[in-house]
Amino acid sequence: MDWQETLERAIPQPPPTQPDPAALVADGKRLVRRRRLAVVAGSAAAVALVIGIGAVVVPSRDSATPDPPIATRSTGEEWPPEVDIPLSDLAPVAYDFDTGETTFQEGWTEVDRVGALTSSDSLAVAVTDGEKTIYAYFPQREDAAFADASHTAKDFRTWARELPDHQPDVMWDPGDRLSVGGSGWKIVREISNPFGYDAPWDSVGAVIEREGVEKWLFLRNSRTALSLAPDGGSIYAIPGQSIDGWLTRIERSDRATYRPNYRNLVEPAITDVVEFSGSEVVPTRDGVVVLDQIADPDINESFTAETSQTAAARITVDGEEQYVLVQEKESATRTKNVSWAFAYNLLPAPYTEDRGPFSLDEFAAIVRRNYGSQGGPWT
């Protein structure tokens, strides 16, 4: 699966109510850059975009067992989880996109800078404390990378002008190993299923590195939904912190506020296994059982347009559970009303405690969120 290409196609614009990920706050003499995870939910995939600051690491590839998954949901957790990053010898320079000002850690001075690399505001800065030189790259207000100059043979200006083109090409299928290529990136640590998902769900975390620049990433998906883009994200490593703590914060926030992928809907199939008989949804053949049903589910205006009645039902077809939306419309000949049914399979939840069946009202809410006020296969 070409994750990079698929992810780029799948990401919609963030909701307008999300917080500004570039908010900067002063704390005495320390400049704290506040980073936020931006969660973008789409009908095909939910992609968590995570932005942070890069730090220098010593590569050591291994397979790690992360902290145990958090067993309970905390209603006090904020999503996205907030990260405060003060100036330090690991991040000795900060750049304010709003004012154009750079702030330096005490004892550090600027050596050189290159501006307007990928946008009118992007900036790269080289700084030194007299013994060590750090290259810093600020491509946009919510992103930054830092590297020890001794980890690359390139001079600062060459490093700065080449870095924007060095994007990793990440490949992963649930249940398989992660691979990363493109412009010299390599995996220095891979974490198997850091979120502790139950099959058929799977997740992976990794530290990748190129010329002293470290990034963290995670991906997650269901093995039964390989047609969907993986849900995932990446950051430049947060100075003074570990990927394990970052992944733990993501999982804690997930459990507190949403189920990954919101049980996203795979596009439905028109089915003839149920129909209206009077005001009730009934099977049309053996092997079909109607477990539950409600009349007039709250979907959207397009679902109820030109219908005489509607319903939602939870059924089994030869033992396999499905959710169906049923409409009754007047036929073209006006001699008999016609039932139209749309069958949905919901992705399994990633945690055992979330795998109970949805109520039909919850199912209707999922459909409504996915299609909006006018969408749906019936339009």
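A few points about this structure:
- Being surrounded by fewer than 16 Cβ atoms within 10 Å (Cβ to Cβ), touching a residue at least 60 places away in the same chain (Cβ under 8 Å), in contact with a strand residue (DSSP E or B) (Cβ under 9 Å, 6 or more places away or on another chain) and assigned to a strand (DSSP E or B) is a property that holds for ASP292.
- Criterion (of a type in the set (D, E, K, R) and at pLDDT 95 or above) met by exactly one of ASP292, ASP354: ASP292
- Any hit, region 188-196, residues being surrounded by fewer than 22 Cβ atoms within 10 Å (Cβ to Cβ) and farther than 21 Å from ARG252 by Cα: yes
- Any hit, region 109-121, residues being assigned by TED's automatic domain parsing to the domain that holds VAL213, under 22 Å from GLY240 (Cβ atoms), hydrophobic (A, V, I, L, M, F, W, C) and touching a Pro at 6+ places or on another chain (Cβ under 7 Å): no
- Test: residue in region 326-347 that is hydroxyl-bearing (Ser, Thr, Tyr), exposed (fewer than 14 other Cβ atoms within 10 Å of the Cβ), under 29 Å from the mean Cα position of the chain (by Cα) and closer than 26 Å to TRP201 by Cβ: no
- Residue identified as modelled with pLDDT under 90, in a loop (DSSP other than H, G, I, E, B) and more than 19 Å from PRO92 (Cα to Cα) among PRO164, PRO174, PRO194: PRO174
- Failed condition for ALA153, given (1) in a loop (DSSP other than H, G, I, E, B); (2) of a type in the set (A, V, I, L, M); (3) farther than 14 Å from ARG210 by Cβ: (3)
- Among the residues examined, GLY184 does not qualify as within 19 Å of the chain's Cα centre (by Cα), at positive phi and not in a strand (DSSP E or B).
The values are calculated or read from the model by the stated rules, or taken from the named source; none is laboratory data. Here the structure is a predicted model, which means the values were calculated and not measured. FYI the Cβ positions are ideal-geometry reconstructions off the backbone, even for glycines, and counts take in every protein chain you see.
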